[in-house]
1. Do we have A204 as assigned by the TED database to the domain that holds L336, touching a strand residue (DSSP E or B) at 6+ places or on another chain (Cβ under 6 Å), small (G, A, S) and touching a residue at least 12 places away in the same chain (Cβ under 8 Å) here?
2. Please pick out the residue among V366, V381, V317 that is more than 30 Å from D237 (Cβ to Cβ) and not assigned by the TED database to the domain that holds S464.
3. Going through E224, E189, E229 one at a time, which residue ends up being under 22 Å from G43 (Cα atoms), out of contact with any strand residue (DSSP E or B) (no Cβ under 9 Å at 6 or more places or on another chain) and modelled with pLDDT of 95 or more?
4. Restricting attention to region 287-320, and to residues there that are more than 28 Å from the chain's Cα centre (by Cα) and at pLDDT 90 or above, which single residue is surrounded by the fewest Cβ atoms within 10 Å (Cβ to Cβ)?
5. Taking region 75-107 as the search range and keeping residues that are closer than 26 Å to S547 by Cβ and free of Cβ contacts under 8 Å to residues at least 24 places away in the same chain, which one is surrounded by the most Cβ atoms within 10 Å (Cβ to Cβ)?
6. Under 6 Å between Cβ atoms, which residue pairs at least 6 apart in sequence (or on different chains) link something in region 220-248 that is free of Cβ contacts under 8 Å to residues at least 24 places away in the same chain and assigned to a strand (DSSP E or B) with a partner that is surrounded by 15 or more Cβ atoms within 10 Å (Cβ to Cβ) and among the hydrophobic types (A, V, I, L, M, F, W, C)?
7. Take region 334-348 and flag every residue that is of a type outside the set (V, I, T), over 18 Å from E111 (Cα atoms) and either more than 20 Å from the chain's Cα centre (by Cα) or not in a helix (DSSP H, G or I) (or both).
Amino acid sequence: MPYEIVPVQLTHELAHLNPFRSALDEGGEELGHVVTEASIAGGGRRAEDRKGLHVSHALRSFLADAREIEEGDVGDKADDAPLSPAVQAVLDRPAVQVPAYVNDRSHSLSEYFVSSSHNTYLTADQLVGKSSSTGYTHTLLSGARCVEIDAWDNEKDPSEPKVTHGMTLVSRIPFRAVVKVMRECVDRELAESQLSNGALPPPAPVMLSLENHCSSAGQKRLVEIMHEEWGDRLVSDMLIDGAGGKVDDVKLDQLSGKIIVMVEWYPDEREATAAEELDISSSDDEETIAAKKAKAAAKKEKIIPELAALGCYANSVKPSSDAWLRGTMNEPKNHLINLSESAAGKIIKDQRSEMVSHNAKHLIRVYPKGTRITSRNLYPVPFWNAGAQVCALNWQTFDASMQLNDALFAGTSGWVLKPPQLRRQLAPPEAGRTRLSLEVVGATDLPIPAGHNAEDIKPYVTVSLYHPTEGDGGGNGDGKRIKQKTEHYRQHKLHILHRGEQPPPVHAVWKQKLTWAPFGKSELAFVRLLVKSDDRLRKNPVFAVASMRLAYAPTGYTFLRLLSLAGRETKSTLLVKFTLEDA
């Protein structure tokens, strides 16, 4: 088949040649690996089961010295010795402490951040990758609540539209197959909730960003298939209240277990043409120049009424003016603005307050710019800080942005209530400054990077603070971070006296406190921890990662479960202690 002629791995292997790379990528620290079916991270649903994990003897001794456990709980000197109940209790402490308000479902949809996937059907690259319905299974069960479909007419079988990335070498899959998988995921989560006897809430709604490229006949089939496969899961019209009226301002808890569709909305053909010319469609921004010209030459197919009706709570608008930003856009009332990261970044720079005001009451979706052909991601923190609900990320790789996404949505339903400053009441900005210190004690069972052996590694930990407005990582939406790091661990020069122990490098002990200069208070500040090896003659490899929204930082000594760069759980943990104080 013609779309199989270029290996999927090729663009990943040549990613370092991409002239559009961010300066933050130079050390490779922002990159991730391609996810697999074993990957569980990205949407905040990292498993917290710590059974079967070890705690090294050095760390058990440290916990006794810190009076977290009794001396008798230290146990056998073997690093893989069975754990006492007291040690297991410390190991089992929750890695995140999510404030109760974050999971409050009583607010309007515009007052939440939504864990979101871009081009969900792709398993790797944006130009030559393979399409698969398993992408939807992975993202939804990993915590995504917004997925994307690009729907096209199927020349071979007009009754069954296809899903693919248009005008590329990407393969195609049936629209029906994707819709079925989405229903199966929602049904599975609903069944788990019902069997939990109240321990698990019903699944939060799933949003579908539907990029329609179908003819009128194809659109009709899209609608019919969604009704056939989703049934009462599909939000096909506004809800009805107790008085028989339509619910215009729907609340999140009214849509549990439902699927909401984002449908393109145009008032007339002139407006549709203007939007095309502005090059702000999520597909247009990703196509080659030749493909853009071909698309511009084609007549925009009007959205049929049956499909338009499904967008009752999310009319997707490609704006031809700034009326939405000025608050003078009268229709559609429940609009969702679609912007590329470049366009959104410019607005944040010049008109952030106007964007925050809009996003407090209406939805907005920010999607990656077209130069991210290897499924690299936009940096979401500035967009979240402007109230953008839907930051569409490529879940094909577990890179820095996906790690931050995992941190924001950890311990949640995939819908996170925004800070008060970004909600409808627009509370005043947070005042004051925060001082952060992080004690990095040690690790257990560090994974060994390829090409290394356990005795040669020199582990150290880097911790980057990501803040919406402060940092040294460069502007224009590329990222802001302030990095600190421990010294690298060398077994033969260890001077920390834990009963004279010198554990091997895979059980490194640093017992080092990292501190940051005071920074402005923000509920959208994050840290990202990387365990690396200090290699002299080659780039320092990354062993494993962890990330944390500081608003969720636990108190006391806590074991963080480390993840691989592909978002898989490792057997490794990192013992740390966060301290956040008013400066």
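1. In short, yes.
2. V381
3. It is E189.
4. P305
5. A89
6. Every condition considered, the pairs that remain are K246/M238.
7. Scanning region 334-348 gives L339, S340, A343, K346.
Residues are listed down the side, and each one gets a yes or a no for (1) part of a loop (DSSP other than H, G, I, E, B); (2) at pLDDT below 95:
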position	(1), (2)
R536	yes, yes
K539	yes, yes
F543	no, yes
M548	no, no
L574	no, no
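The values are calculated or read from the model by the stated rules, or taken from the named source; none is laboratory data. All values reported here derive from a predicted model rather than from experimental measurement. Quick reminder, even Gly has a Cβ in these numbers, built from the backbone with ideal geometry, and neighbours come from all protein chains shown.
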